[in-house]
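The structure under discussion appears below in the form of structure tokens.
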Amino acid sequence: MGRATLLLLCLAATALAVRAEDPYLFFTWNVTYGTIAPLGVPQQAILINGQFPGPNINSTSNNNVVVNVFNNLDEPLLFTWNGVQQRKNSWQDGTLGTQCPILPGTNYTYKFQVKDQIGSFFYYPTTAFHRAAGGFGGLRINSRLLIPVPYPDPEDEYTVLINDWYSKSHKTLRALLDSGRPLGRPDGVLINGKSGKEAKVKPLFTMKPGKTYKYRICNVGLKSSLNFRIQGHPMKLVEMDGSHVVQNIYESLDIHVGQCFSVLVTADKEPKDYYMVASTRFTKNVLTSTGVIRYTNGKGPASPVLPPAPEGWAWSLNQFRTFRWNLTASAARPNPQGSYHYGQINITRTIKFVNSASRVGGKLRYAINGVSHVNPSTPLKLAEYYGIGDKIFKYNSISDDPTVAPTTATETIKVAPNVLNITFRTFVEIILENHEKSIQSWHLDGYSFFAVAIEPGRWTPEKRKNYNLLDAVSRHTIQVYPKSWAAIMLTFDNAGMWNVRSEIAERRYLGQELYISVLSPEHSLRDEYNLPDTALLCGEVASLPKPPPYSI
Ligand SMILES: *[C@@H]1O[C@H](CO)[C@@H](O)[C@H](O)[C@H]1NC(C)=O
Ligand SMILES: *[C@@H]1O[C@H](CO)[C@@H](O)[C@H](O)[C@H]1NC(C)=O
Ligand SMILES: *[C@@H]1O[C@H](CO)[C@@H](O)[C@H](O)[C@H]1NC(C)=O
Ligand SMILES: *[C@@H]1O[C@H](CO)[C@@H](O)[C@H](O)[C@H]1NC(C)=O
Ligand SMILES: *[C@@H]1O[C@H](CO)[C@@H](O)[C@H](O)[C@H]1NC(C)=O
Ligand SMILES: *[C@@H]1O[C@H](CO)[C@@H](O)[C@H](O)[C@H]1NC(C)=O
């Protein structure tokens, strides 16, 4: 056999192998600064391919997503894919504990699979407070054709990104935080990058009379919980953070930072324009933004009378209690969501996270169980993988049960990398206790978890009897009201290094995050992918020989 024939055979074999793989979606992103003026004041923003917000990623369960990111900012950059579980692949998770940042003037190609997931998600930059300048966008995972979706196909689907917004640049805001001061109040609220106060307001979306539309709404903001509602149009909730839910009807929804909800809206009212409204919750001065939805046969402007926002915490907590997982719906696989009976699994470990704020050297820091996280220049995951973890960080510098957590400004906070290790495949209960007066929103990368309870006061083991052990929604971000707690449960079956963060951006920037290392004892490719050949290396691992690859 000639060499050319052999080569051809090899190519044919490769082609076959490729054909058996799930489809690829390719994106090239040029990340630059640009000028926008959503609140009427020109300011610097982060654009992706000239767009603010960034382009939507429209994918289908199990697609391979490849994003070649060109960093044309003057600062290191990373993107995280909020809620995408990155099975076996924390290498692409886009946080400084797992990846070296993309340096200015260079590019890096993310490659990940949206494995066994459906739903509405978003991405955002995790570095250098970039999130305050934009760089965020929607990420959809559509259901595969063969898997039934528990509602008829909508006429069209719209992504609605809502967020609080500051008219100062991210560098100015960062300088405030670096100097030890808090961020203060936002200046406005945006819906898809617009405040509704522009000189010429164009409709954001159109609806044909009689048709039903899916709106995928995410709170991509920095700190404010937002209430979302549409004039005259009740919303049927169908999906939340990647899970099909029991389809209740809501006049308005509280969406906390980092969360995404999908709702169905039918155009069955008088044909004209209607406002969608997003307004801040739990703040003395309520900031409100509107966007226009137009009926295609519309005759006339939207009424200036906006539907009122709810008031107080109790309303929000009661709304949380109405959210239920649809046990019989299939998710990304044909089996029912409720076939995984989380309520019957024995808890192997209970960990309590208490958030606190304090001053260190006169400067504001935020902590979890008394430790305020800092990222070493060698990413934690890479240090661990290269076998120099103990040089870079210590596991478990916090305890599972902080009996005396610092909760007042006089108590001390330790500034250090905050890394817990959790045994692979164990079922763990995590209590999120918020002793502070402001709302908290917690996000876990790599997983979704069952949000079994949120209650006022302090947690005690007796509270377990009030958990929802049947149909709590499996999600990735959960709010904790002031002076309240939340309980979540999950199996740590995704090997990797995973970020737990306060989605409240200033809290995370000033240390309120940690990493959970979940190591597979097998070092097997079945449990975790190898470090990609293209991975960026930095810090102490840049000069080290690559560890041997995992075996099958
Ligand atoms: C990125 O955008 C900038 C500004 O528009 C432009 O100068 C540059 O050529 C673009 N780079 C790429 C790779 O497209
Ligand atoms: C998104 O992808 C789905 C499935 O491939 C397709 O049907 C739909 O038209 C796409 N939507 C947009 C806005 O590109
Ligand atoms: C940078 O972009 C070039 C051109 O598209 C591509 O060939 C290369 O693989 C990219 N580099 C990385 C590290 O992703
Ligand atoms: C749950 O999903 C099932 C099957 O997919 C669907 O028929 C049913 O209407 C949904 N139930 C609720 C209450 O939304
Ligand atoms: C859970 O714990 C109980 C009490 O210790 C024990 O009887 C039961 O067998 C355990 N169940 C499983 C599935 O391990
Ligand atoms: C966590 O790390 C410590 C220190 O390296 C080690 O002794 C312990 O066995 C680890 N525990 C788990 C659950 O991996």
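The values are calculated or read from the model by the stated rules, or taken from the named source; none is laboratory data. These numbers come from a predicted model, not from an experiment. Ideal geometry is used to build each Cβ from the backbone, glycine not excepted, and the neighbour counts take in all protein chains shown. Just so you know, the surface numbers come from the protein's heavy atoms only, side chains and all, with ligands and any DNA or RNA stripped out. Shrake-Rupley method; radii C 1.70, N 1.55, O 1.52, S 1.80 Å.
Please go through the stretch 256-279 and pick out each residue that is part of a loop (DSSP other than H, G, I, E, B) and either without any contact (Cβ under 8 Å) to a residue 60 or more places away in the chain or in contact with a Phe, Trp or Tyr (Cβ under 9 Å, 6 or more places away or on another chain) (or both).
Hits for the stretch 256-279 are Gly258, Ala267, Asp268, Lys269, Glu270, Pro271, Lys272.
Step by step: first the residues of the stretch 316-342, then only those that are assigned to a helix (DSSP H, G or I) and more than 17 Å from Ala486 (Cβ to Cβ), then the one that is farthest from the chain's Cα centre (by Cα). Which residue is that? Full working, then the answer.
Quick first cut of the stretch 316-342, residues assigned to a helix (DSSP H, G or I) only: 316-322, 337-339, 342.
Okay, now just the ones that are also more than 17 Å from Ala486 (Cβ to Cβ), so 337-339.
Values: Gln337: 21, Gly338: 23, Ser339: 25 Å.
Among residues in the stretch 316-342 that are assigned to a helix (DSSP H, G or I) and more than 17 Å from Ala486 (Cβ to Cβ), the one farthest from the chain's Cα centre (by Cα) is Ser339.
Would you check if Ala133 is at negative phi and touching a strand residue (DSSP E or B) at 6+ places or on another chain (Cβ under 8 Å)?
yes
Specify which of the listed residues (Leu96, Leu73) is modelled with pLDDT of 95 or more and either touching a strand residue (DSSP E or B) at 6+ places or on another chain (Cβ under 7 Å) or surrounded by fewer than 18 Cβ atoms within 10 Å (Cβ to Cβ) (or both).
Matching residue, one of Leu96, Leu73: Leu73.
Exactly one condition in (1) surrounded by 14 or more Cβ atoms within 10 Å (Cβ to Cβ); (2) at pLDDT 95 or above is not met by Glu462; state its number.
Checking Glu462 against (1) surrounded by 14 or more Cβ atoms within 10 Å (Cβ to Cβ); (2) at pLDDT 95 or above, the one that fails is (1).
Is there any pair linking a residue in the stretch 170-187 that is over 17 Å from Gly221 (Cα atoms) to one that is part of a loop (DSSP other than H, G, I, E, B) and among the small types (Gly, Ala, Ser), with Cβ under 8 Å and at least six apart or on different chains, and which?
Leu176/Gly184; Gly180/Gly362
Can you tell me which condition Ala302 does not meet? The list is (1) more than 16 Å from ligand 4 (Cβ to nearest atom); (2) open to solvent by 40 Å² or more (accessible area, probe 1.4 Å), and all the others hold.
(2)
Is it fair to say Phe52 is within 15 Å of ligand 2 (Cβ to nearest atom) and of a type in the set (A, V, I, L, M, F, W, C)? Walk me through how you get there before you give the answer.
On the way: within 15 Å of ligand 2 (Cβ to nearest atom): no; of a type in the set (A, V, I, L, M, F, W, C): yes.
It is false that Phe52 is within 15 Å of ligand 2 (Cβ to nearest atom) and of a type in the set (A, V, I, L, M, F, W, C).
In the stretch 22-41, how many are away from ligand 2 (no atom under 16 Å from the Cβ), open to solvent by 70 Å² or more (accessible area, probe 1.4 Å) and assigned to a loop (DSSP other than H, G, I, E, B)?
Total meeting the criteria: 1.
With over 18 Å from the mean Cα position of the chain (by Cα) and on the phi < 0 side of the Ramachandran plot as the only criterion, which of Val84, Val31 stands out? Let's see the steps before the verdict.
On the way: Val84 fails: over 18 Å from the mean Cα position of the chain (by Cα).
One residue alone meets the criteria, Val31.
Can you tell me how many residues within the stretch 104-123 are open to solvent by 60 Å² or more (accessible area, probe 1.4 Å) and part of a strand (DSSP E or B)?
Counting residues in the stretch 104-123 that are open to solvent by 60 Å² or more (accessible area, probe 1.4 Å) and part of a strand (DSSP E or B) gives 2.
Within the stretch 280-294, which residues are surrounded by fewer than 22 Cβ atoms within 10 Å (Cβ to Cβ) and part of a strand (DSSP E or B)?
Those that are surrounded by fewer than 22 Cβ atoms within 10 Å (Cβ to Cβ) and part of a strand (DSSP E or B): Thr288, Val292, Arg294.
Looking at (1) farther than 30 Å from Leu145 by Cβ; (2) out of contact with any helix residue (DSSP H, G or I) (no Cβ under 8 Å at 6 or more places or on another chain), can you tell me which one Ile388 breaks?
(2)
I'd like the full set of residues that are under 21 Å from Arg229 (Cβ atoms) and surrounded by fewer than 24 Cβ atoms within 10 Å (Cβ to Cβ), limited to the stretch 124-154.
Tyr151, Pro154
Checking the condition out of contact with any strand residue (DSSP E or B) (no Cβ under 6 Å at 6 or more places or on another chain) and either within 24 Å of Asn434 (Cα to Cα) or within 16 Å of ligand 4 (Cβ to nearest atom) (or both), which residue from Arg349, Arg333, Arg365 passes?
Arg333
Given the criterion within 16 Å of ligand 5 (Cβ to nearest atom) and either within 30 Å of Leu78 (Cα to Cα) or open to solvent by 60 Å² or more (accessible area, probe 1.4 Å) (or both), identify the matching residue among Tyr340, Tyr386, Tyr366, Tyr395.
Only one candidate qualifies: Tyr340.
Among the candidates Glu503, Glu528, Glu513, Glu522, single out the residue that is at pLDDT below 95 and either open to solvent by 20 Å² or more (accessible area, probe 1.4 Å) or touching a Ser or Thr at 6+ places or on another chain (Cβ under 9 Å) (or both).
Answer to the selection: Glu522.
Cβ-Cβ distance below 7 Å, separation of 6 or more or different chains: which pairs start in the stretch 338-361 with a residue that is away from ligand 1 (no atom under 16 Å from the Cβ) and end on one that is open to solvent by 60 Å² or more (accessible area, probe 1.4 Å) and of a type in the set (A, V, I, L, M, F, W, C)?
Gly343/Leu469; Gly343/Leu470; Ser358/Ala409; Arg359/Ala409; Val360/Val415
Regarding Asp493, is this residue charged (D, E, K, R), on the phi < 0 side of the Ramachandran plot, surrounded by fewer than 23 Cβ atoms within 10 Å (Cβ to Cβ) and in contact (Cβ under 8 Å) with a residue 40 or more places away in the chain?
The answer is yes for Asp493.
Can you tell me which residues in the stretch 506-530 are closer than 23 Å to Leu222 by Cα and basic (Lys, Arg)?
Answer for the stretch 506-530, where residues must be closer than 23 Å to Leu222 by Cα and basic (Lys, Arg): Arg507, Arg508.
Scan the stretch 305-330 for residues that are more than 12 Å from Asp254 (Cα to Cα), open to solvent by 80 Å² or more (accessible area, probe 1.4 Å) and either outside the structural domain of Lys214 (by TED's automatic domain parsing) or within 16 Å of ligand 4 (Cβ to nearest atom) (or both) and jot them down.
Residues satisfying the conditions are Arg321, Arg324, Thr328.
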